Amino acid sequence: MDMSLTQQEQSQIASNIDEVTPYDVRVYLDTVDKERLPIVPIKYQLSQIAIYPDREAAKSAVKEKLLDIRERIINGERFSTLARIYSEDPGSARKGGELGMASKSIFWPAFSDAAMALKPGIISQIVETPDGFHLIEVLEKKGDMFNARHILMKPQYTSEDMEKAFQTLDSLKTEISNKAVTFQLAANFYSQDPATRTNGGQMSDPSTGSAYFEIDQLKPEDYNAIKDLAEGEISEPFESKDNEGRGETDINSGNTVYKIIKLDKILPSHTASFESDFTQLQSEVQYQRQMDAINKFIEEKIKSTYIVIDPMFSDCEFTNEGWASKFRK
């Protein structure tokens, strides 16, 4: 509880700091010790042409499987047993599909809406979310919280899907290499990823909007495809994931997609600069201002706050010298 109040107070102080302007960043760069500037790791600028497998056919197939499982549950088979056998959510499958009591806000809206509308013991119709397709059984509801079981199944694609997509992508790579068409134009006409197609295939991080990716911001499949390329080179066709359903910390979620990637530019590791790393420097200055404001608040509070420290802690080091000097008095 005390930690929560501390965090609330710090957040309130930080929220009152004005937004950092380009001028502020310039002043920071002119005055800061250059050795304190952050080192920016190697970054990549990338473009892609993406082709999806026949998703509708795969969706129809997985829905048929779930309808059959639903019928079996209604006819008396245990939901928990079938969840252990068929669910593709490893975290809950081993618990019979049970998710545990949790707020509806942590689930996809379609999932939580369906669960909140169910009476305990009733099996839902098929529910689609970015994770796949679900059958849901609610066990308990309390306010905006519920405990439910689910069976998750995801569309599966065949080797024929991959082979067809790879043939198309390989042909496009050949045409681009022979200068019959540019990568950007090929992406405009053939890529099936709406987020990059209209921009000539240029990729951007969905979390930050940046056109540059650090290694840990790339999906492992994407990095493996481009790690040995030189600027201007194009990868071989490979299988990856799109960004649908991606969370801030989960770069491996998404739907199956096949693609080729062009390595547009490599930005070597370097000391942060105004021209190439403005956003990072802006965040650095903002953070420093917030910490200065919090420390100033603490210094003011020290003057009017009475504290008692157990003698057993008298030899401990104090993070804030103000507290230490107050105690030593």
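Any read-out appearing in this document is the output of simple, stated calculations on the displayed coordinates, not a laboratory observation. The structure presented is a predicted model; accordingly, all values stated were derived computationally and were not measured. Cβ: placed from backbone, ideal geometry, glycine included. Neighbour counts: every protein chain shown.
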(message) Tell me which of PHE107, SER240, LEU67 sits at the most positive position along the dipole axis of the chain, charges placed on C-beta atoms (Lys, Arg +1; Asp, Glu -1).
(response) LEU67
(request) Give the Rg (one decimal place) followed by the Dmax (whole number) of the chain, computed from C-alpha coordinates and expressed in Å. (result) 27.0, 81
(request) For MET291 and GLU88, calculate 0.36 nm times their separation in residues minus their Cα-Cα distance, and state this gained length in nm to one decimal. (result) 68.6 nm
(request) Would you calculate, for the chain, the mean residue ellipticity at 222 nm contributed by helices, counting each DSSP H stretch of 4 or more residues as -39,500 (n - 2.57) and dividing by all residues, to the nearest 500? (result) -13500 deg cm²/dmol
(request) Can you tell me the relative contact order of the chain? Whole percent, Cα pairs under 8 Å, sequence separation 6 or more. (result) 25
(request) Once you've got the GNM for the chain with C-alpha springs shorter than 10 Å, pick whichever of PRO206, PRO220, PRO311 has the biggest mean-square fluctuation. (result) PRO311
(message) If the elastic network links every pair of Cα atoms under 10 Å, which of PHE79, PHE274, PHE213 fluctuates the most in the Gaussian network model of the chain?
(response) PHE274
(request) Please build a GNM for the chain, connecting alpha carbons under 10 Å apart, and tell me which residue among MET153, MET291, MET116 fluctuates the most. (result) MET291
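Can you compute the charge dipole magnitude of the chain about its Cα centre, using +1 on each Lys and Arg Cβ and -1 on each Asp and Glu Cβ, nothing else charged? Give it in debye, rounded to the nearest 20.
Values: 38 positive and 54 negative charges, 179 e Å.
Result for the chain is approximately 860 debye, rounded to the nearest 20.
Say R0 is 25 Å: what FRET efficiency, to the nearest 0.05, do VAL32 and LYS301 get from their beta-carbon distance? Don't skip to the end; give the middle numbers.
Working: r = 28 Å, r/R0 = 1.12.
Result of the calculation: an efficiency of 0.35.
Could you work out the relative contact order of the range 134-266, using alpha carbon pairs under 8 angstrom and six or more residues apart, expressed as a whole percent?
Working: 162 pairs, mean separation 22.7, N = 133.
Computed over the range 134-266, the figure is 17 percent.
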(request) Starting from the Cα of THR279, step 7 Å along the direction of its Cβ; do the same at ASP68; then give the gap between the two resulting points in nm. (result) 4.6
(request) Provide the FRET efficiency to the nearest 0.05 for the HIS270-THR208 pair, computing r from the beta carbons and using R0 = 25 Å. (result) 0.85
(message) If you only keep lysine pairs separated by 8 or more in sequence, or across chains, how many in the range 41-111 come under 30 Å at the Cα atoms?
(response) 7
(request) Please name which of LEU263, GLN288, SER207 has its Cα lying farthest along the dipole of the chain towards the positive end, using unit charges on Cβ (Lys, Arg +1; Asp, Glu -1) and the Cα centre as origin. (result) SER207
(request) Take each of the peptides 44-54, 160-170, average the number of other beta-carbon atoms within 10 Å over its residues, and list them starting from the highest. (result) 44-54, 160-170
(request) Grab the other residues whose beta carbon is less than 13 angstrom from that of LEU229, score K and R as +1, D and E as -1, and report the net. (result) -2
